[in-house]
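*Asks:* Structure incoming, see below.
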Amino acid sequence: MHELALSAYLLESVEEHAREAGALSVVTINLVVGERSCVEDEALRFCFELLSPGTLAEGAQLVLWRVPMRFWCNTCAAAYTPDSESFRCPRCGTVGGVVDDGTDVLIESLEIET
Amino acid sequence: MTVQRVKVVRSLFHANDRAAEAIRARCDAAGVVAVNLLAGPGAGKTSLITRTIAALAGTARVGVVEGDIAGSVDTERVLAAGAVDAVQVNTGGGCHLEAGMLARALEELDLGAFDLLMVENVGNLICPTHWDLGEHARVCLVSAAEGDDKPVKYPDVFARSDAIVLNKIDLIDLVDFDRARFYEAVRALNPDAPVFEGSCRTGAGLGGWVDWLRARLASRVAGGEVG
Ligand SMILES: Nc1nc2c(ncn2[C@@H]2O[C@H](COP(=O)(O)OP(=O)(O)O)[C@@H](O)[C@H]2O)c(=O)[nH]1
Ligand SMILES: [Mg+2]
Ligand SMILES: [Zn+2]
């Protein structure tokens, strides 16, 4: 939904880290994308390709790792991903608590040419 | 030429978070409590702001930033209700406010003239949640008419709010709103945030909300509260 804004922040961060590491160019950008971040793969790639020409990240490949929302069940002492109907634990049916709402988007690492 | 791996681990929201911190510092310096109001379109954001201005009249001066895709009707409404000043931010189609947009809007306002800054975010329960605006309190507003499943469908906004307002309580019996289902999900996401049930139409039940704001304003004047 807001991939253009995120792409601009992505490029800024990538260039900063790449320059610091003495990169000639960025080959791959590994992203960790929360399932609930509302980031659509295709839209992100499209916006990234729109903004990246002329930067160190021109032509870089975007690799997206999706991570789900996570809850914790105290009864089962185990993590779970709730379904879309309720937040109940799939094992015991009690309502756990949210641990990660799955909305962040992280740059995990870069592969750069030096 | 060699290919080398560089560990980064930085959120894409990092730059926004930094801009938000600068806004928080500005508000702290001016003694202003900033509230970021998040809700779907039509939930009653502007109505809650006008009710709040009226309830605080004579005790706290309220400034408003109105985020919207286009138009300025809400700015006119809050000024008519007695806001000290208000500024409109049109995102031109953007689905949320970012800290940079708010920082520019604040250039047009005199923070020294307010005690409370209310920011009406773009009507959307999803995107605004991810963008810190430098607020001291994030408030999620949902109306009974939208249904009891909102926390299950839009968990992030409930998980990340400091207070929750359930509006249009005057309609609750007309819309098959299941309180047990609503509160079960809200508590799983956010065990601590107060939930205020009220009606911006009749004014019923808004006392708890106003008291909560008053307490935040009072702790600010006493010089302690940050963040
Ligand atoms: N029945 C009822 N209607 C309300 C209540 N609060 C707001 N409204 C109405 O809901 C509509 C949208 O309200 P508004 O404050 O403009 O919502 P916003 O889009 O979130 O800013 C308006 O017609 C309001 O009069 C309420 O508590 N009960
Ligand atoms: Mg409005
Ligand atoms: Zn369990």
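*Asks:* Does residue B:10 satisfy being more than 14 Å from chain A (Cβ to nearest Cβ) and surrounded by fewer than 23 Cβ atoms within 10 Å (Cβ to Cβ)?
*Replies:* Working: more than 14 Å from chain A (Cβ to nearest Cβ): no; surrounded by fewer than 23 Cβ atoms within 10 Å (Cβ to Cβ): yes.
Considered against the rule, which asks whether it is more than 14 Å from chain A (Cβ to nearest Cβ) and surrounded by fewer than 23 Cβ atoms within 10 Å (Cβ to Cβ), residue B:10 comes out as no.
*Asks:* Which ranges mark the strands (runs of 3 or more DSSP E) fully within the range A:1-96 that have 1 or more residues being among the polar types (S, T, N, Q)?
*Replies:* On the way: elements: A:25-34, A:61-67, A:70-73, A:78-80.
Ranges flagged: A:25-34, A:61-67.
*Asks:* Do we find a residue being within 19 Å of the chain's Cα centre (by Cα), open to solvent by less than 50 Å² (accessible area, probe 1.4 Å), at the interface with another protein chain (Cβ under 7 Å from one of its Cβ atoms) and of a type in the set (Ser, Thr, Tyr) anywhere in the range A:96-108?
*Replies:* yes
*Asks:* Looking only at the range A:5-28, count every residue that is more than 26 Å from residue B:94 (Cα to Cα) and open to solvent by less than 40 Å² (accessible area, probe 1.4 Å) and tell me the total.
*Replies:* Final tally of qualifying residues: 7.
*Asks:* If a residue must be more than 10 Å from the chain's Cα centre (by Cα) and open to solvent by 60 Å² or more (accessible area, probe 1.4 Å), how many such residues does the range A:37-74 contain?
*Replies:* Number satisfying all stated conditions: 15.
*Asks:* Identify all residues within the range B:173-204 that are open to solvent by 50 Å² or more (accessible area, probe 1.4 Å), under 27 Å from residue A:86 (Cβ atoms) and not in a helix (DSSP H, G or I); write none if there are none.
*Replies:* B:175, B:176, B:178, B:191, B:192, B:197
*Asks:* Shifting gears a bit: Determine, yes or no, whether residue B:214 is surrounded by fewer than 16 Cβ atoms within 10 Å (Cβ to Cβ) and in contact (Cβ under 8 Å) with a residue 60 or more places away in the chain.
*Replies:* Details: surrounded by fewer than 16 Cβ atoms within 10 Å (Cβ to Cβ): yes; in contact (Cβ under 8 Å) with a residue 60 or more places away in the chain: yes.
The answer is yes for residue B:214.
*Asks:* Condition test on residue B:170, is it outside any loop (DSSP other than H, G, I, E, B) and within 11 Å of chain A (Cβ to nearest Cβ)? Even if it seems obvious, please write down each step before you answer.
*Replies:* Numbers: outside any loop (DSSP other than H, G, I, E, B): yes; within 11 Å of chain A (Cβ to nearest Cβ): no.
So residue B:170 does not fit the description; no.
*Asks:* Which number in (1) modelled with pLDDT of 95 or more; (2) assigned to a helix (DSSP H, G or I); (3) small (Gly, Ala, Ser) marks the one condition that residue B:15 misses?
*Replies:* (1)
*Asks:* Pairs only if they're at least six apart or on different chains, beta carbon under 7 angstrom, first in the range A:76-95 and open to solvent by less than 30 Å² (accessible area, probe 1.4 Å), second within 16 Å of ligand 2 (Cβ to nearest atom); list them, first residue then second.
*Replies:* No pair meets every condition.
*Asks:* For the structure I just gave you, tell me whether residue B:116 is farther than 16 Å from residue B:21 by Cα and either modelled with pLDDT of 90 or more or surrounded by fewer than 23 Cβ atoms within 10 Å (Cβ to Cβ) (or both).
*Replies:* yes
*Asks:* Please list, ordered by residue number, the helices (runs of 4 or more DSSP H) wholly in the range B:30-132 having 1 or more residues that are within 14 Å of ligand 1 (Cβ to nearest atom).
*Replies:* On the way: elements: B:45-56, B:73-80, B:99-106.
Fully inside the range B:30-132 and qualifying: B:45-56, B:73-80.
The values are calculated or read from the model by the stated rules, or taken from the named source; none is laboratory data. Remember, it's a predicted structure, so these values are computed and weren't measured experimentally. In this analysis, Cβ positions are derived from the backbone assuming ideal geometry, glycine residues included, and neighbour counts consider all displayed protein chains. Protein only, heavy atoms only, side chains kept; ligands, DNA and RNA dropped before computing areas. Shrake-Rupley method; radii C 1.70, N 1.55, O 1.52, S 1.80 Å.
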